[in-house]
1. List pairs: first in segment 210-234 and over 28 Å from Thr16 (Cβ atoms), second part of a helix (DSSP H, G or I) and open to solvent by less than 50 Å² (accessible area, probe 1.4 Å), Cβ under 7 Å, 6+ apart or cross-chain?
2. Please work out if Ile49 is surrounded by 15 or more Cβ atoms within 10 Å (Cβ to Cβ), under 26 Å from Tyr158 (Cα atoms) and at pLDDT 95 or above.
3. If the Cβ limit is 7 Å and pairs must be 6+ apart or interchain, which residue in segment 18-32 that is at negative phi pairs with which residue that is of a type in the set (Lys, Arg)?
4. Restricting to segment 190-207, what's the tally of residues that are within 27 Å of Gly95 (Cα to Cα) and surrounded by 15 or more Cβ atoms within 10 Å (Cβ to Cβ)?
5. Mind listing whichever residues of segment 197-209 are modelled with pLDDT of 75 or more and part of a loop (DSSP other than H, G, I, E, B)?
6. Mind listing whichever residues of segment 33-55 are in contact (Cβ under 8 Å) with a residue 60 or more places away in the chain and in a loop (DSSP other than H, G, I, E, B)?
7. State whether one or more residues within segment 136-149 are surrounded by 18 or more Cβ atoms within 10 Å (Cβ to Cβ), under 17 Å from the mean Cα position of the chain (by Cα), among the charged types (D, E, K, R) and within 21 Å of Pro212 (Cα to Cα).
Amino acid sequence: MSLKIIFHCGFFKTGTSSIQNTAWHNRALFSKWGIYYPSTGISDNAEEIGYRHSRLMYEIKKPEWADLVTELVHEINTCDCETVLLSSEAWSRPGGFKAFKQLIDALSAELDFEFETVFYLRNVYDYARSHYREFVKRWNYKQSFNDYLELRRGFFDYKQLLKPFAESYPSQLCVKYYEPGLDTVSDFFGHLGLSARRIKKLEQLERVNKSPSALDTQLNVMWNSYYANLLPSQTPPTANAILRNLGLETRHSKTFEKFPAFGFLKNFTKSYHSDLQTVTKLSSEQVQQLLALDTQPQVDVERLVPVLKHALMEYLKAQ
């Protein structure tokens, strides 16, 4: 029986948690269809962030990593399926390729298999905003959006992140454009060969890891900076809650983090467009969509900071 391993590598914030949770909660059905989703390497906090194989990436420098690979090889050898699916967005972050290659080399020493890497790419500006909001929510980040862009600019350089995959494994690289409204679960499992009829049979859970709005993120930054240590047992309120306390309403959909005119915006030159198309094999139109800055009228969330500060103080006084 020939073995193929599909590595679903992200990127972050492209419906990855939905893919992972669908694969995990339908393991019996997938196994019946010849697709196996291993338990080895699944994150310890999977219920919160998604059933992803992050340990295969993040524990690579630990002595126990070799045992983890041995356990994975045993699980694959005994699964009786022709296709194995491994999923972790961590392979799409800076340093991800080095860890990925180490895993490929380790598995190749024990298994005879073909493989494919699948990446979903969304508009880079939407991605940066969503990435920042998630980091603030999950890791109690206190700095501004601009500071975050400077600190983690490498996370948003699609060309540099994918280039080593394209150079080392060109025939195994599949890059997909994550367009707005895409049903990633149907698209991804359709890519694996499942029919629309079978995909409809899958139990799909409520989305986890939803990105907060720009207003809620700005509020969380203020909370992390001034109140998290003073009120450790209290969770921050939502922007809607504190604004309604003042009789105010806002439209979250019109409020965004504004990109600085320097640095980040200057990365995406015409040559970058061309190079990214060469690396990803996406169409010119899709690459343009990936790198297009939204020109619709928007409200810079920084302009609302004084309002949020006042609203938060009034909200806490009333508690």
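1. Close Cβ pairs (under 7 Å, with a partner that is part of a helix (DSSP H, G or I) and open to solvent by less than 50 Å² (accessible area, probe 1.4 Å)) amount to Met222/Leu308; Met222/Leu312.
2. no
3. Going by the 7 Å Cβ cut-off, the qualifying pairs are Ser18/Arg207; Gln20/Arg52; Leu29/Lys201.
4. Of the residues in segment 190-207, the ones within 27 Å of Gly95 (Cα to Cα) are 191-192.
Next cut, surrounded by 15 or more Cβ atoms within 10 Å (Cβ to Cβ) only: 192.
Residues in segment 190-207 being within 27 Å of Gly95 (Cα to Cα) and surrounded by 15 or more Cβ atoms within 10 Å (Cβ to Cβ): 1 in total.
5. Applying the first criterion (modelled with pLDDT of 75 or more) to segment 197-209 yields 197-203.
Correct list: Leu202, Glu203.
6. Within segment 33-55, Trp33, Gly50 meet the criteria.
7. If we filter segment 136-149 for residues that are surrounded by 18 or more Cβ atoms within 10 Å (Cβ to Cβ), which is where we start, we get 136-137, 141, 145, 148-149.
Remaining after also requiring under 17 Å from the mean Cα position of the chain (by Cα): 136-137, 148-149.
This time we only want the ones that are among the charged types (D, E, K, R), so: 137.
Restricting the remaining residues to those that are within 21 Å of Pro212 (Cα to Cα) gives 137.
Checked segment 136-149: at least one residue is surrounded by 18 or more Cβ atoms within 10 Å (Cβ to Cβ), under 17 Å from the mean Cα position of the chain (by Cα), among the charged types (D, E, K, R) and within 21 Å of Pro212 (Cα to Cα).
Residues are listed down the side, and each one gets a yes or a no for (1) charged (D, E, K, R); (2) at pLDDT 95 or above; (3) in a loop (DSSP other than H, G, I, E, B):
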position	(1), (2), (3)
Ser2	no, no, yes
Ile6	no, yes, no
Met57	no, yes, no
Ile60	no, yes, yes
Ala66	no, yes, no
Glu75	yes, yes, no
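The values are calculated or read from the model by the stated rules, or taken from the named source; none is laboratory data. It should be emphasised that the depicted structure is a prediction, and the values quoted were computed from it without experimental measurement. Don't worry about glycine lacking a Cβ; one is built from the backbone with ideal geometry, like all the others, and counts go over all protein chains shown. When the accessible area is computed, the model is the full protein with side chains, heavy atoms only, and any ligands, DNA or RNA have been set aside. Shrake-Rupley method; radii C 1.70, N 1.55, O 1.52, S 1.80 Å.
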